[in-house]
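Take a look at the structure set out below.
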Amino acid sequence: MIDGLRYLEYRGYDSAGVALLNGGLKVYKRVGRISELEKFVEGKDTDATVGIGHTRWATHGAPSDINAHPHVSEGNDIALVHNGIIENYEELRNILKKSGHIFVSETDTEVAVHLVEDIMKKDGVKLLDAVREAALRIKGTYAFAVVSKSEPGIIVVARKGSPLVIGIGEGELFVASDPYPLAKHTKKVVYLEDGEVASISIDGKLDVRTITNELKTPNIKTLDIEIAALEKSGYDHFMQKEIYEEPRAVEDSLRGRLYSVDGNVLNLGGLMEKENELLNAKRFIFLACGTSWHASLIGKRVFEELLRIPTEVEYASEFRYKNPIIYKDDVVFAVSQSGETADTLAALQVAKAGGATIVGICNVVGSTIAREAHVGLYTHAGPEIGVASTKAFVTQISTMMLVALHIAQQKKLVSEDRLHALIKDFSEVPEKIKETLKVAERVKEVAEKYKNAKDFLYLGRGYGFPIALEGALKLKELSYIHSEGYPAAEMKHGPIALIDENLPVVVLAPRGHLSEKILSTAEEIKARKGKIIAVVTEGDTSFKDIADDIIEIPATEEIFSPFTLVIPLQFLAYYISLSLGRDVDKPRNLAKSVTVE
Ligand code: BG6
């Protein structure tokens, strides 16, 4: 269990705990990383063959030993772990308090275990039925795993909104929030659907049913994850490894799609079922959060440039509650590395209910968004463990570009020559990224120079603007330094007030039709003593006398510049955070996949 929790630690790492069934129920939990829990149980009795564990990303109640999961019942005979938010927890808690239940934590979750206990006692039912009944009374989202001293050989689970996977091993059964911890034990998994509960028992039985007690046949899938992909493989950090995997990741996202074995180009089998909707779309909408939202801004630019069809990018968390205008011939892309981000999932469901065609662009195979979408494409970046997204970002962009080129080809929206020139350049992108990785040492020097800055500004134009936003996000989420991204020309309408000799300004200036404009912005910064870190195309000397530091990247067509522009910014955030002693793989307060609102 400890080993399994380690594979899940990227999903939340502020406290952890386990409950072990062995004659009695033993619960050990500690604030902090899993390593703290390990230290805490040293020398304690952990002998057991049935148990549940949890690593937390706090929603209700600060990280503490008390608020850590598992939570136990009044009689200390039932333990429960939870991923999600119980929206009606106060109402349920007040009801339970009236029948004598005492609560020790500030969490919403503790209510669930007291509710299960109350139902078992009052209705005299078994654990599975009590969890089903409790699930019927709980509002909100949940993945629960529950054990009870009175039924020592089973674990009961339930799911609504938050992900849950069951692993079927040789003589052992597992449950987990995602498949990564299961990969080393089995390739046979069952993704629990919304509104399903299940019990796994020590004699290998798996019982899946709906919360209204309808029996279900488990839909067993085969896991395709290499263990090595879940390890650091000699790198110091997952983020560093994942940056160096970007050439291979983009290559894998293009394989069999840009050029298919039968000599065809732009073969996107995953979309065929909805090809008509895709080709007749009057509008495209991208729904996403975080880094996926920045990738979608690039997608929008590519779609509008190649297809001349209106394309919008929406923050999923805003879209889901704004009563959006949805047309039947809208095609909506739900873009998510994890495929489990609650806001993106809910926004997808709003668009789907509105009659739009949903295309999922996800990295995690079998994830909920991938299963909820009508059709979709996996980004094939491989497991991304570093909380700050890097390789998934570039494969999201390459996957969106494939879709745009596919539609442009099918609808003859670009000339044959241009199309083939684009395809040829696209096929060279992995090599260009490989070239760009060589900036690492140069960026490390720059990072050392500016690591104590209090603020940073990132400026870009055209395809560079979303990359400026992404660069600023990377620095924020990893180093905790306040940083903002802006369209370069927009600087003079406000942010220019921030500029003085203490403000480093990263200026993205690849050779292109806006180079002159970006140069004049840099002049304006220089005139106000700002420190300029310019990212320019190899051999371009126009910034020689203006910039304080220059980072050179290989030349590409403008439409492919995001792939090379983002690399130095990922390294800058990585090296500044390292030199400030931050945990680059697990930055404070973040989680790899936020499955709660
Ligand atoms: C955040 C992650 O929690 O969610 C970011 O820390 C990520 O890296 C964002 O970009 C969106 O996640 P996803 O999985 O929907 O792309």
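Worth a mention:
- Positions within the range 513-533 being in a loop (DSSP other than H, G, I, E, B) and aliphatic (A, V, I, L, M), in sequence order: L514, A527
- Residue count, the range 129-141 (criterion: touching a residue at least 60 places away in the same chain (Cβ under 8 Å) and surrounded by 24 or more Cβ atoms within 10 Å (Cβ to Cβ)): 1
- Residue within the range 534-547 that is part of a helix (DSSP H, G or I) and of a type in the set (K, R) present: no
- Those helices (runs of 4 or more DSSP H) lying entirely in the range 83-159 with at least 2 residues closer than 26 Å to G23 by Cβ: 109-123, 127-137
- Residue match in the range 279-287 (condition: among the β-branched types (V, I, T) and part of a helix (DSSP H, G or I)): no
- Screening G171 on (1) on the phi > 0 side of the Ramachandran plot; (2) part of a strand (DSSP E or B) shows it passes everything except condition (2).
- Selection status of L192, within 22 Å of I2 (Cβ to Cβ), in the same structural domain as L127 (by TED's automatic domain parsing) and crowded, with 17+ Cβ neighbours inside 10 Å: no
- Taking the range 558-597 as the range and being part of a loop (DSSP other than H, G, I, E, B), in contact (Cβ under 8 Å) with a residue 12 or more places away in the chain and more than 16 Å from the ligand (Cβ to nearest atom) as the test, only L580 passes.
- Any pair with Cβ under 7 angstrom, 6 or more apart, that starts in the range 359-383 at a residue that is within 18 Å of G299 (Cα to Cα) and ends at one that is within 13 Å of the ligand (Cβ to nearest atom) and of a type in the set (D, E): N363/E384
- Matching residues, the range 305-322, being β-branched (V, I, T) and within 16 Å of the ligand (Cβ to nearest atom): V313
- The residues listed here are I95, I85; of these, the one that is among the aliphatic types (A, V, I, L, M), touching a residue at least 40 places away in the same chain (Cβ under 8 Å) and out of contact with any Cys (no Cβ under 7 Å at 6 or more places or on another chain) is I85.
- Pick from the range 379-420, criterion touching a strand residue (DSSP E or B) at 6+ places or on another chain (Cβ under 7 Å) and closer than 24 Å to G12 by Cα, ranking: farthest from the ligand (Cβ to nearest atom): T379
- Selection of the range 1-32 for residues being part of a loop (DSSP other than H, G, I, E, B) and either more than 19 Å from S593 (Cα to Cα) or not assigned by TED's automatic domain parsing to the domain that holds E172 (or both) yields M1, G23.
- Of the residues making up the range 492-500, none is outside any helix (DSSP H, G or I), in contact with a strand residue (DSSP E or B) (Cβ under 6 Å, 6 or more places away or on another chain) and of a type outside the set (A, V, I, L, M).
- Flag if V429 is among the hydrophobic types (A, V, I, L, M, F, W, C) and either closer than 30 Å to S338 by Cβ or not assigned by TED's automatic domain parsing to the domain that holds V332 (or both): yes
- Filter result for the condition that a residue is part of a loop (DSSP other than H, G, I, E, B), away from the ligand (no atom under 11 Å from the Cβ) and either within 18 Å of the chain's Cα centre (by Cα) or on the phi > 0 side of the Ramachandran plot (or both), over G376, G355: G355
- K476 vs. criteria out of contact with any Asp or Glu (no Cβ under 7 Å at 6 or more places or on another chain), among the charged types (D, E, K, R), at pLDDT 95 or above and under 30 Å from R11 (Cα atoms): yes
- Scanning the range 436-470 for residues that are out of contact with any Phe, Trp or Tyr (no Cβ under 8 Å at 6 or more places or on another chain), surrounded by fewer than 17 Cβ atoms within 10 Å (Cβ to Cβ) and part of a helix (DSSP H, G or I) yields a total of 5.
- Check on I325, free of Cβ contacts under 8 Å to residues at least 12 places away in the same chain, more than 15 Å from S593 (Cα to Cα), outside the structural domain of K160 (by TED's automatic domain parsing) and more than 9 Å from the ligand (Cβ to nearest atom): yes
- Among the residues of the range 508-522, those that are surrounded by 19 or more Cβ atoms within 10 Å (Cβ to Cβ) and within 12 Å of G464 (Cβ to Cβ) comprise L508, A509, P510, G512, L514, I518, T521.
- In the condition set (1) under 29 Å from K300 (Cα atoms); (2) under 33 Å from the mean Cα position of the chain (by Cα); (3) at pLDDT 95 or above; (4) surrounded by fewer than 20 Cβ atoms within 10 Å (Cβ to Cβ), V566 is compliant with all but (4).
- Residue pairs whose Cβ atoms lie under 6 Å apart, separated by 6 or more positions or on different chains, with the first residue in the range 391-403 and within 13 Å of S427 (Cα to Cα) and the second of a type in the set (K, R), are L402/R257.
The values are calculated or read from the model by the stated rules, or taken from the named source; none is laboratory data. Everything numeric here is computed off the predicted structure, so don't read it as measured data. All Cβ positions, even for glycine, are placed from backbone atoms using ideal geometry, and neighbour counts span all protein chains on display.
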